[in-house]
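J.: Sharing a structure with you now.
Derivation of every value follows stated rules applied to the coordinates shown; laboratory data play no part. For clarity, every value in this text was computed on a predicted model and none was experimentally measured. So basically every Cβ, Gly included, is an ideal-geometry build from the backbone, and we count neighbours across all protein chains shown.
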Amino acid sequence: MTEQSAQIFLTEAQVDELTGIRRGVHGVSKYVKQCAFLRGKGIAFWDNARGRPIVPLAAIEGRKVETPRKTWEPKITGTNSGAN
């Protein structure tokens, strides 16, 4: 992690402290539990490819956080569903 990104996002240890969740329980990973906690509290975050919640510092400081919106992608079925 670069010094700049450390200033933009909370570290994994800081997310552990914020949520109070440091490990998973009963087959549920700590990341899944942390994401559920953050959603329940209304704290903005993104989950990365590993499922780890990435919390922007702005969300904790009370600044507005722009959440990325998923873009529309057409569904390609591979069949010609209207043709006879």
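J.: Taking H placed 1.01 Å from N in the peptide plane, check which residues at least 5 places from residue 9 or on another chain put their amide H under 5 Å from its amide H.
T.: Close amide H contacts, sequence-distant or interchain: 57.
J.: At 7 Å along the Cα-to-beta-carbon direction for both residue 73 and residue 39, put a label point, then send me their distance in nm to one decimal.
T.: Calculated label separation equals 2.0 nm.
J.: Could you check the simple spin-label distance between residue 28 and residue 13, using points 7 Å along Cα→Cβ, in nm with one decimal?
T.: Placing both labels 7 Å along Cα→Cβ, they lie 2.7 nm apart.
J.: Another question about this same structure. Which one of 32, 56, 15 has its Cα pushed farthest toward the positive end of the charge dipole of segment 3-61, where Lys and Arg give +1 and Asp and Glu give -1 at the Cβ?
T.: 32
J.: How would you order 15-23, 51-59 from highest to lowest mean count of nearby Cβ atoms within 10 Å?
T.: Going by the mean number of other Cβ atoms within 10 Å, highest first, we get 51-59, 15-23.
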